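Okay, so here's the structure we're looking at.
The values are calculated or read from the model by the stated rules, or taken from the named source; none is laboratory data. All of these numbers come straight from a predicted model, not from anything done at the bench. Glycine gets a Cβ as well: all are built from the backbone with ideal geometry, and neighbour counts include every protein chain shown.
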Amino acid sequence: MREYLLIRPEQVVSRTELIEHCWDEEADPMSNVVDAVVTRLRRKLREPNLLHGVRGAGYRLSVA
């Protein structure tokens with residue numbers, strides 16, 4: 001997932017898009033797998049928070 005976000009810096013990527021491109025077709029779109037991975041990425045990135053949730057839209061990786 002991090003690679004997918006890295007090639008789309010500053011673009012909002014939806015949860016559905018992440019599931020479609022980062023997991024196999026058996027992944028449950030209603031599961032919290034995206035949330036769990038985002039939490040782990042945020043811990044690895046530490047401060048400042050570079051991975052932002054965009055309410056109702058998805059996630060955006062800041063490069064600044």
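The residue that is farthest from Arg15 (Cα to Cα), counting only those in the stretch 44-64 that are over 13 Å from the mean Cα position of the chain (by Cα) and among the basic types (Lys, Arg), is Arg46. Among what's in the stretch 1-42 and is modelled with pLDDT of 80 or more and among the small types (Gly, Ala, Ser), pick the residue that is surrounded by the most Cβ atoms within 10 Å (Cβ to Cβ). So, considering only residues that are modelled with pLDDT of 80 or more and among the small types (Gly, Ala, Ser), the one surrounded by the most Cβ atoms within 10 Å (Cβ to Cβ) is Ser14. Close Cβ contacts (under 7 Å, 6 or more residues apart or on different chains) running from residues in the stretch 39-54 that are on the phi < 0 side of the Ramachandran plot to residues that are in a loop (DSSP other than H, G, I, E, B) comprise Arg42/Asn49; Leu50/Ser62; His52/Ser62; Val54/Val12.
Selection over the stretch 39-64 of residues that are closer than 19 Å to Leu18 by Cα, assigned to a loop (DSSP other than H, G, I, E, B) and among the small types (Gly, Ala, Ser) gives a count of 3.
In the set (1) surrounded by 10 or more Cβ atoms within 10 Å (Cβ to Cβ); (2) over 16 Å from Glu3 (Cα atoms); (3) at pLDDT below 85, Ala57 fails one condition alone, (3).
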